[in-house]
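The values are calculated or read from the model by the stated rules, or taken from the named source; none is laboratory data. All values derive from a computational prediction rather than experimental measurement. Here the Cβ positions follow ideal geometry from the backbone for every residue, glycine too, while neighbour counts run over all protein chains shown.
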Amino acid sequence: MELIITEKDNAARRIADILSEGGASVERRNGVPVYRWGGRRCIGLSGHVVGVDFPPEYADWRDVQPVELVDAEVVKTETQENIVAALRSLAREADSAIVATDYDREGELIGKEAYELVREEADIPIERVRFSSITDREVTGAFADPEELDFDLAAAGEARQIVDLMWGAALTRFLSLSAKQLGEDFISVGRVQSPTLKLIVDREREIEAFDPEDYWELFADLSKDEEAFEAQYFFEDEDGTEAERLWEEATADAVYDHLRGASAATVESVRRRTRTDDPPAPFNTTQYIRAAGSLGYSAQRAMSIAEDLYTAGYLTYPRTDNTVYPEDLDERDLLETFATHPRFGEDAESLLEREDIEPTSGDKETTDHPPIHPTGEFPTELSDDEWEVYELVVRRFFATVADPATWAHLRVVAAVPGGETVEDCRLKANGKRLLEEGYHAVYPYYSTSENYVPEVEEGEELAIREVRLDAKQTQPPRRRGQSRLIETMESMGVGTKATRHGTLQKLYDRGYVENDPPRPTKLAMGVVEAAERFADLIVSEEMTAQLERDMTAIAEGEATLDEVTDESRDILKRVFADLHESREEVGEHLRSALKADKILGPCPESGHDLLVRRSRWGSYFVGCDGYPDCEYTLPLPNRGEPLVLDETCEDHDLRHVKMLAGRNTYTHGCPQCQAEAADEADDEIIGTCPECGEEEGGELAIKTLRSGSRLVGCTRYPDCEYSLPLPRRGDIEVTDEFCEDHDLPELVVHNGDEPWELGCPICNYAEYRARQVAQAIEDLDGIGKKTAEKLAAAGIESLEDLQSAEADTVAAEVQGVSADRIREWQAQAQAQRGASAD
DNA sequence: GCAAGGTC
């Protein structure tokens, strides 16, 4: 038997399909799909199935000096045990093996990892095939002529793993220990995340240091006959370049007065030009993220949608650096496929009218994967977001085979003769008109707005209708958005197509950035400052550049893995020599940065800082830095993670608080205002408590808590804890309509335009719980609405039901669901409930 | 519990 090993299941399936000419069948080993036909088996890994780490005796952060990690052994551990076991068992049955992982450096390393696992089981020949797109011709060609694994290239990847681990782990532990931040709030640094963070921090420094300057610009409405258009005043500055901004108010006023006094300007020059506007290059990951970003998708969301569309078979692999279509791609064929599509047919037909279909190409041609393009398989059921992204990729493909657009540019300069205090004044207008729509007809994502300027001749007089003087200020540089950051990371050579968006997410998760565009926290500023002083390399893009050079040397046989990693160890040891002396200082610096993110303002009782703190039970509250001398506290809502905003309450001089809770993020505002408002609010009684009303006489009332939450609760609280949640916002109206089942008034919430008929609070809460429960079930992998409904019909309506159910019994009752699937969902439900309990 | 890189 011949064993074929690919990097992912998707590739295994498609390669099996090509090589078997559709005759492969699938079986499972340890739950891992294995494709079989004739004397061949094909298994897909899941990227790296082994990872590097330190031996277990280094696991405890307190027991090990961070610097000890520098010389610690680095061992490989199996991270995907079921896949490794499946691979081992196949290897024992195989007579030969072929590594068919991705055609890039990391693919070579993943291939070598598979090679070693196979070698441990069987002494069989192992070859390597390389292809850059999974097409009939490339795959059959590659398998007809197998090559050898490139161990030097794989070693280059291993060197990266070791260097990243020892620098990242040792410095992360050092910073965390120095600031006494252990547990989930550790302080991380790394070769990729830290230069990315510095990029964000540096921009913030520029913004903070920015000193705005006043300047003035002048505009005039000119007209030819009845056609008016806007022109802008300009002049030649000292360097002889064209400038529009005037930095002296007196000069601006003088020009303004002069232009207002003039009734006409004479056309001095007219320049006409035709410009071609070339269609864009094919999508690589970065450019795709950018385009999806302009449709409003975050980088994470864009990648997640593209991955789903890829897995479903509608798009090619979304992680690619390539911007050149492979020779194998027949663009005409693909267009013809789309010609029958109800939505894209017309555009595809129009493109097919071209005699030669010559796709555009970008600067980067790589062997990893083709640029992202539609496969020609038409999707049927997509969500709105998925459809929007799918259409973007289809249209991008269309654009790359479409004609250029052409624009007519018209530049008119008109002059007003000078006066006593003012020199000759010039006004310019730049018109543009789309002559030929070209690719814009099929790719409507770029602006094609025109600017109308009438045809005029030199010497013609134009009336000056209105003159405007705009006082402006120079603006600080703008924060980079996520897609701009990813583009910058790419140009710095930091991270990879598959990791850059994840690195940004990591910065959010670590409390280093907030908001979108990402803005650094004080902690982030502190970490970058500390690193710049004591471990400059870890925040510099140069570390990656050097590592790339070293990896190239290893790949080319000019250096060895040991030489590169040993040199890196020496450098890191020198960094630690400096760090050890400054340990206290670094820790103090980080701790004050951490505190700065949590300060709200002065305590009304003791004048110390009020801080966001966390109780022993994990809930957040506002406490005084003077504790235990001052015990002043204010509550915070119990949902979400608090974020302290810059906005400050005028009454209490406290910064506002925002509660981050994913889609349910909301602004809490000033915690003292909230608490005072609750103290002043009267409870409104609406009925009898269903729990203790009969026996104890408890009543239900609408209450506002000092944390800002509202609820319907028993007046006998805390003796009776019966309560129902109410929305945080809006005025609650108690109507005269009563619920027959519960004898409570129906409630209406007024918030914004549409009143929300909440109804009886008990019924409302029951419905809300039911929806939550249904959602929790649907959130498990691979359960859609329909399956959830089928499960509900079988009596499974909550995660609790699912966990306590007998898998085989349920499988017998619910059509199309295996007991194995149910056991998988039970494991997930366990994990989810565990996570939400934390 | 640390990194970055694969993949889901």
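Worth pointing out:
- Picking from residues in the range A:308-345 that are in contact with a strand residue (DSSP E or B) (Cβ under 7 Å, 6 or more places away or on another chain) and among the β-branched types (V, I, T), the one that is surrounded by the most Cβ atoms within 10 Å (Cβ to Cβ) is A:T320.
- Which listed residue is part of a helix (DSSP H, G or I) and within 21 Å of A:F534 (Cα to Cα), from A:F143, A:F174: A:F174
- Complete set of residues in the range A:2-57 that are within 8 Å of DNA strand B (Cβ to nearest atom) and assigned to a loop (DSSP other than H, G, I, E, B): A:E7, A:K8, A:L45, A:S46, A:G47, A:H48, A:V49, A:F54
- Selection status of A:E650, outside any loop (DSSP other than H, G, I, E, B) and surrounded by fewer than 20 Cβ atoms within 10 Å (Cβ to Cβ): no
- Taking the range A:160-193 as the range and being within 6 Å of DNA strand B (Cβ to nearest atom) and under 28 Å from A:A555 (Cα atoms) as the test, the residues that pass are A:Q161, A:D164, A:L165, A:G168, A:A169, A:G190, A:R191, A:V192, A:Q193.
- Of all residues in the range A:743-757, those satisfying the criterion of being over 19 Å from A:T704 (Cβ atoms) and modelled with pLDDT under 85 are A:D743, A:G752, A:D753, A:E754, A:P755, A:E757.
- Residue that is surrounded by the most Cβ atoms within 10 Å (Cβ to Cβ), among those in the range A:472-512 that are within 11 Å of DNA strand B (Cβ to nearest atom) and hydroxyl-bearing (S, T, Y): A:Y512
- Among the residues making up the range A:621-643, those that are at pLDDT 90 or above and assigned to a strand (DSSP E or B) are A:F621, A:V622, A:G623, A:C624, A:T633, A:L634, A:P635.
- Selection of the range A:397-435 for residues being among the acidic types (D, E) and surrounded by 16 or more Cβ atoms within 10 Å (Cβ to Cβ) yields only A:D403.
Here is a yes/no grid of residues against (1) in contact with an Asp or Glu (Cβ under 6 Å, 6 or more places away or on another chain); (2) surrounded by fewer than 18 Cβ atoms within 10 Å (Cβ to Cβ); (3) farther than 30 Å from A:E605 by Cβ:
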site	(1), (2), (3)
A:T665	no, yes, yes
A:Y722	yes, yes, yes
A:L726	no, no, yes
A:D741	no, yes, yes
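- Residue check: A:R28 meets all listed conditions (1) touching a residue at least 24 places away in the same chain (Cβ under 8 Å); (2) surrounded by fewer than 18 Cβ atoms within 10 Å (Cβ to Cβ); (3) in the same structural domain as A:R128 (by TED's automatic domain parsing) but one, namely (1).
- Some residue of the range A:619-634 being within 25 Å of A:Y666 (Cβ to Cβ) and loosely packed, with under 15 Cβ neighbours inside 10 Å: yes
- Residue within the range A:457-479 that is charged (D, E, K, R) and assigned to a helix (DSSP H, G or I) present: no
- If you check A:G111, A:G107, A:G168 for being touching a residue at least 60 places away in the same chain (Cβ under 8 Å), in a helix (DSSP H, G or I) and closer than 30 Å to A:S540 by Cβ, only one passes: A:G107.
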